[in-house]
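Laboratory data are not the source of any read-out in this text; all were calculated from the coordinates shown. In this text, all values refer to a predicted model and were calculated from it rather than measured experimentally. Positions of Cβ are generated from backbone atoms using ideal geometry, with glycine treated the same way; all protein chains shown enter the neighbour counts.
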Amino acid sequence: MIAAAGTAVTAILARLRLPAVAGLLVAGALLGPHGLRLVTEVKAIEALAEVGVVLLLFSIGLEFSLTRLKHIFRRVALGGAVQVVATAGAAAGVALLLGESPARAVFYGFVFAMSSTAIVLRALADRGESDAPHGRFIVGTLIFQDLCVVPMVLILPVLAVPRPPAAVAAEVGLALGKAAGVVVATLLVARLLVPRLLRAIDATRSRELFLLAVIAICVGTALTTSLVGLSLALGAFLGGMVVADTDFQHRAMGEIIPLRDAFVSVFFVSLGMLFDGRSLLARPATVGLLLCGFVAGKAAIAMVSAAVMRFPARASWLAGIGLAQFSEFGFVLSTLAVSLRLIDAKAQAALLAAGILSMFLTPLLIRFAPHLTAGERLIAPLSRLLGVRAVDEPEAGDPERHDVIVIGYGIAGREVARALSAAGLSYVALELNAETVRRAREEGEPVFYADATSAEALEHARVQRARAVVVLINDPQAALRVVDTVHRVAPAVPLLVRTRYFADREKLHDLGASEVIAEEVEASLEVMARLLRRLEVPRNVIEAQVRAARLALQARERRLTLPRTALPELEALAGLNVESLLIEPTWHAAGKSAVALALRQRTRALIVALRRDGALVEEPDPAAPLRAGDVLYLCGSRESLAAAAELLEHGPG
């Protein structure tokens, strides 16, 4: 019934362009005891759902690794603490103002401080935004929230039965110490044993045995941590991180994904089954207030928390939307609170109704948030106030113009910057990661904390005077907005964009991109070339295949979006290209003339101009010697130009 209803409802909502998670929640609401009552064994479904959460967190841990966690530890600890403390304090304060007792106010603070790990991480993964600035903040905050489950579960019984503060502090401290010890011991033992275990199992060449071993590691670490009061989900996450540091990370991911997807779907359906429409009808004001708190209140606090962590306005806005919902652990906390008589069943029903509605809205809000700028404008003043040195702050010695504006200073951005520096070209980089900016500034690099979707930031970077702009960021929606903004602010400046998929090129060209480099295309060409090389295909044949593939893709792209240049306007000259070459001091051509080299006769390429000492020579003398530092502009077919480059650098033969 779960599979059938989930498939049918999700397929219907997909036609309305709604996410699969929303369909599964609706299917659960229809099937469950508060809907059509087709499924009554809710406890069994909840058990399957818990397996889904464990597998989901294990797979997320597989993508994370201990090394990566070490690099973002500061953001996890500080950013998560700011969000959890601020949200819990605000929710408890509102509850006190509404007449709740201090104990119940603290309970509501705990519930509102948590967000849905399963829904949010699934949405980020589907959109490819886990490594975007807002994605990094969200992941770090969710990890910290999971760690907070332990003290929250320990504190609730204390609230129900008042005890001396000293005794409470001692008990909580002891429990947290035990939990920390178990986590450290689990990681140490696992790091010593897991690689050896997986190597031994891999030697058997048994796929079934390997899958069982992976499940044993996942469930074993979850069980170990749960025995000391930590959540199953956190234990599974730690198990995934341990496997991620071995050579079997990707194989484990491939084996676990089918199981994970099946059980996670059951998890979302089980959440939908908790929704009781009668609570909404009986207490609409209460449910509405709680829903506003989950969505609007939590979003606002998370936005401010991200801004405090010196994230830019756009990242803060998206992080706030991503963390604005009820949590799976909220169900655990509310069930515990009912058993301790902190709240009654009616209060729990209203809380769950509002929480599940917020979970239903989350995938929709995450999808539409990048297209809404009102939130960014609200948080922008605070983000600027708390940010690191911005691009518009003056600095002695800053040039009036830069040759290139590099947007995004990750691996690709650093390599582009290095190549520009080696070529003697100036650049300025705009980056949203404050830690990256700090490190780059310490190394003396011209990297600034700025949001390139802001026209003001681009103008302060003097984009109108740049010779080119290159966009190298991981957030697909942000890349579209950057291209649109750059084209509006500086329409004459060439704009090069890296994108993940070849299918995105048309949209980027329509927005003003001059060149679109698709990772999908470049990776496929590299794979093709290496494969043919392995198969001992001759080098010239490989180069011809790569050249043909690139020509076909680029030609199709340019006919759709780019104006034709002067040479291709004539059909007979469509195969000619103009290329530039810098004469190096060590080249064979240095000190020799084009006539002496017999360049035209040997290669069929023609020197149409050269640049010497910064001046363009439109009619170069073919008998005059070429100098080191001259930039030659040659015209010819691709084969002719390649032959000319060989002749100029190495000489004939």
Projected label distance in nm at Ser593 and Ala203, using a 7 Å step from Cα toward the beta-carbon = 7.4
Sum of -39500 (n - 2.57) over DSSP H runs of 4+, divided by residues of the chain (222 nm, nearest 500) | -21000 deg cm²/dmol
When the charge dipole of the chain is computed with +1 on Lys and Arg Cβ and -1 on Asp and Glu Cβ about the Cα centre, the Cα farthest towards its positive end, among Thr485, Ser101, Ala81, belongs to Ser101
Which of the lysines could a cross-linker bridge to Lys592, judged by Cα under 20 Å and excluding same-chain residues fewer than eight apart?
-> none
Suppose every K and R has +1 on its Cβ and every D and E has -1 on its Cβ; what is the size of the dipole of the range 390-561 about the Cα centre, in Debye to the nearest 20?
-> 920
Hey, can you rank 531-544, 587-600 by average C-beta count inside 10 Å, highest first?
-> 587-600, 531-544
Put +1 on the Cβ of each Lys and Arg and -1 on the Cβ of each Asp and Glu in the chain; which of Pro494, Leu648, Ala598 then has its Cα farthest toward the positive end of the dipole?
-> Pro494
Based on the Kirkwood radius over alpha-carbon pairs, what value in µm²/s does the Stokes-Einstein equation return for the translational diffusion coefficient of the range 390-561 at 10 °C and 1.306 mPa s?
-> 92
In nanometres, the difference between 0.36 nm per residue of separation and the alpha-carbon distance of Ser426 and Ala14 is 143.5 nm
Using Cα atoms only, what is the angle between the long axis of helix 232-244 and the major principal axis of the chain, expressed in degrees (0 to 90) to the nearest 10?
-> 30
FRET efficiency for Asp261 and Asp344 from the Cβ-Cβ distance with R0 = 35 Å, rounded to 0.05, comes out at 0.40
Cα-based shape type of the range 241-335, given that a ≥ b ≥ c are square roots of the gyration tensor eigenvalues and the cut on a/c is 1.5 = oblate
Which of the lysines could be linked to Lys43 by a straight reach, that is with a Cα gap under 24 Å, when you skip same-chain ones fewer than 8 residues away?
-> Lys346
For the chain, what is the percent of antiparallel DSSP beta bridges, rounded to the nearest 5?
-> 40
Could you give the size of the charge dipole of the chain about its Cα centre, using +1 on the Cβ of each K and R and -1 on the Cβ of each D and E, expressed in debye and rounded to the nearest 20?
-> 1020
Once you charge only the Cβ atoms, +1 for Lys and Arg and -1 for Asp and Glu, what is the size of the charge dipole of the range 568-650 about its Cα centre, to the nearest 20 debye?
-> 260
Relative to the chain, whose Cα atoms define the longest principal axis, helix 117-127 and its Cα axis are tilted in degrees, nearest 10, by 20
If one takes the longest principal axis of the Cα atoms in the chain, at what angle in degrees, from 0 to 90 and to the nearest 10, does the Cα axis of helix 133-160 lie?
-> 10
What FRET efficiency, computed as 1/(1 + (r/R0)^6) with R0 = 41 Å and r the Cβ-Cβ distance, is obtained for Leu223 and Val546, rounded to the nearest 0.05?
-> 0.20
Please find the FRET efficiency linking Arg278 to Ala81, where r is the Cβ-Cβ separation and R0 is fixed at 51 Å, and quote it to the nearest 0.05.
-> 0.85
Site Ser637, offset 7 angstrom along Cα→Cβ, radius 13 Å on amide nitrogen, limited to the range 577-611, gives 577, 603-605
Can you tell which of Ile407, Leu508, Ala461 lies farthest toward the positive end of the dipole of the range 390-561, using +1 and -1 charges on the Cβ of basic and acidic side chains (Lys, Arg; Asp, Glu)?
-> Leu508
Modelled label-to-label distance, Arg500 and Ile517, 7 Å Cα→beta-carbon offset: nm?
-> 1.9
Binned at 20 Å starting from 0, the alpha-carbon pair-distance distribution of the chain in whole percents comes out as 16, 42, 29, 11, 2
Go through 326-334, 220-228 and give me the packing order, highest mean Cβ count within 10 Å leading.
-> 326-334, 220-228
